[in-house]
Amino acid sequence: MNLVPAQYREVSVTEVPVPLEEGAVRGYLSGRPVYRRTRYVIARNGPASMVAEVGKESGQPLFSPVTSVTVLARADETALVDAPDIDTAVPTQLARAAAEHAPGARCVIVRGLYGHVSFILDPAPVRVRVLEVVPPWPPKLVDQLRRVLELSEDLPPVELVPELVDLRDLAARRPAAWYLFPGRAGQGAQDLETLLTPGGTTPPSPPEVGVSYLDEIPAREPWTLVGCARSRAIHDWFYGDEVPQVDMCPRNLARPGLASTAGPLLTKCCLLEDRVASDGDTVVVPWGASLAQIKDGLRLAVAARPVRSTAR
């Protein structure tokens, strides 16, 4: 599954004057010279394509005769799609193109960005669940993961499955007249200040709900803290008294699903400051993770639920 050439230069596209049948293609290619970097040949005849892996007499000279031909995908299993926005060096992008343009094909050849051609055979993206609290919008961790995957040539195809927890729904679990959130959460502050119940139409009682933000160190109010262990420590530092709390730590929210069969889960925790941690199928990155840490987390998540990948 997930066979993706390591580099597009390993792929040669050639028109063949023979039927796209295994014996005919093998006979045509055997003994013909190919570039020393060529490992895969996309044989074309009219609108149809077949994909084969070739062995060469030597990898040293610029060109060398083909000594073996192994058909990887027959013409009836193969689709060719034009997707000029797809970087064919990135497995996740190839898998996305396959799912969007040829979901029924076993092998999808993609003519993508810069006119480069590559393929994916037996696409089976690793499903990585991402537990995140919102706002802000877009969900930061999900957005970071997508940005990393758009450039990750050395990871197998990954499908992100966001599992979003709305802070308003968390707050509604403990109705209060005043809430204290860690910060304004960017453009999400206005959403928080509406504070509707999960049904989305009935305000909690009392109708007027106060909202403050811990990072502004506001004057003390009889609030309920919607925050994590770090938020509680900061609250204790500045106010030094007891406060009712709703836990919003994604790591803690994920714990009931640690043994889930739905795939690895990636989330975050502010108590991790400079490392990435894993616990079974759950991977945790720092709250303010860098893109490098995000990629380390993805590697651990993929390793937690491996899918056989023959990308080279």
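The values are calculated or read from the model by the stated rules, or taken from the named source; none is laboratory data. On a predicted model such as this, the values are computed, not experimentally measured, just so you know. Virtual Cβ from ideal backbone geometry, glycine too; neighbours counted across all protein chains shown. Keep in mind that these areas ignore ligands, DNA and RNA; they rest on the heavy atoms of the full protein, side chains included. Shrake-Rupley method; radii C 1.70, N 1.55, O 1.52, S 1.80 Å.
What about Ala105, is it in contact (Cβ under 8 Å) with a residue 40 or more places away in the chain, surrounded by fewer than 23 Cβ atoms within 10 Å (Cβ to Cβ) and not aromatic (Phe, Trp, Tyr)? If you could, list the steps in order and put the result at the bottom.
Working: in contact (Cβ under 8 Å) with a residue 40 or more places away in the chain: no; surrounded by fewer than 23 Cβ atoms within 10 Å (Cβ to Cβ): yes; not aromatic (Phe, Trp, Tyr): yes.
It is false that Ala105 is in contact (Cβ under 8 Å) with a residue 40 or more places away in the chain, surrounded by fewer than 23 Cβ atoms within 10 Å (Cβ to Cβ) and not aromatic (Phe, Trp, Tyr).
Listed by first and then second residue, the pairs with beta-carbon distance under 6 Å, at least 6 apart or on different chains, first residue in region 8-30 and in contact (Cβ under 8 Å) with a residue 24 or more places away in the chain, second open to solvent by 50 Å² or more (accessible area, probe 1.4 Å) and part of a helix (DSSP H, G or I), are Val16/Tyr28; Val18/Tyr28. Of the residues screened, Val69 is one that is in contact with a helix residue (DSSP H, G or I) (Cβ under 6 Å, 6 or more places away or on another chain) and within 17 Å of Val13 (Cα to Cα). Would region 41-48 turn up any residue that is open to solvent by 10 Å² or more (accessible area, probe 1.4 Å) and touching a strand residue (DSSP E or B) at 6+ places or on another chain (Cβ under 6 Å)? Yes, region 41-48 has at least one match.
Residue-by-condition table, conditions (1) more than 30 Å from Leu160 (Cα to Cα); (2) open to solvent by 40 Å² or more (accessible area, probe 1.4 Å); (3) in a strand (DSSP E or B):
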{"position": "Met1", "(1), (2), (3)": "no, yes, no"}
{"position": "Ser12", "(1), (2), (3)": "yes, no, yes"}
{"position": "Leu20", "(1), (2), (3)": "yes, no, no"}
{"position": "Gly31", "(1), (2), (3)": "yes, yes, no"}
{"position": "Gly55", "(1), (2), (3)": "yes, no, yes"}
{"position": "Thr88", "(1), (2), (3)": "no, no, no"}
{"position": "Leu94", "(1), (2), (3)": "no, no, no"}
{"position": "Ala97", "(1), (2), (3)": "no, no, no"}
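When only residues in region 241-252 that are part of a loop (DSSP other than H, G, I, E, B) and acidic (Asp, Glu) count, which is modelled with the highest pLDDT? It would help to see each step written out before you state the result.
If we filter region 241-252 for residues that are part of a loop (DSSP other than H, G, I, E, B), which is where we start, we get 241-244, 248-249.
When the remaining residues are screened for being acidic (Asp, Glu), the result is 241-242.
Numbers: Asp241: 89, Glu242: 92.
Among those residues, the one meeting the criterion is Glu242.
If the condition is being among the hydrophobic types (A, V, I, L, M, F, W, C) and closer than 14 Å to Gln293 by Cβ, then region 261-278 contributes Leu266, Cys269, Cys270, Leu272, Val276, Ala277.
Among the residues of region 66-86, those that are within 21 Å of the chain's Cα centre (by Cα) and open to solvent by less than 70 Å² (accessible area, probe 1.4 Å) comprise Ala83, Ile86. Pairing each residue of region 155-178 that is under 21 Å from Leu253 (Cβ atoms) and open to solvent by 10 Å² or more (accessible area, probe 1.4 Å) with any residue that is outside any strand (DSSP E or B) and hydroxyl-bearing (Ser, Thr, Tyr), provided the two are 6+ apart or on different chains, yields C-beta distances under 6 Å for Ala172/Thr197.
Can you tell which of Leu271, Leu300 is assigned to a helix (DSSP H, G or I), under 16 Å from Leu141 (Cβ atoms) and open to solvent by 10 Å² or more (accessible area, probe 1.4 Å)?
Working: Leu271 fails: assigned to a helix (DSSP H, G or I).
Exactly one of Leu271, Leu300 is assigned to a helix (DSSP H, G or I), under 16 Å from Leu141 (Cβ atoms) and open to solvent by 10 Å² or more (accessible area, probe 1.4 Å), namely Leu300.
Checking each residue in region 267-283 for being more than 15 Å from the chain's Cα centre (by Cα) and without any contact (Cβ under 8 Å) to a residue 40 or more places away in the chain picks out Leu272, Glu273, Asp274, Arg275, Val276, Ala277, Ser278, Asp279, Gly280, Asp281.
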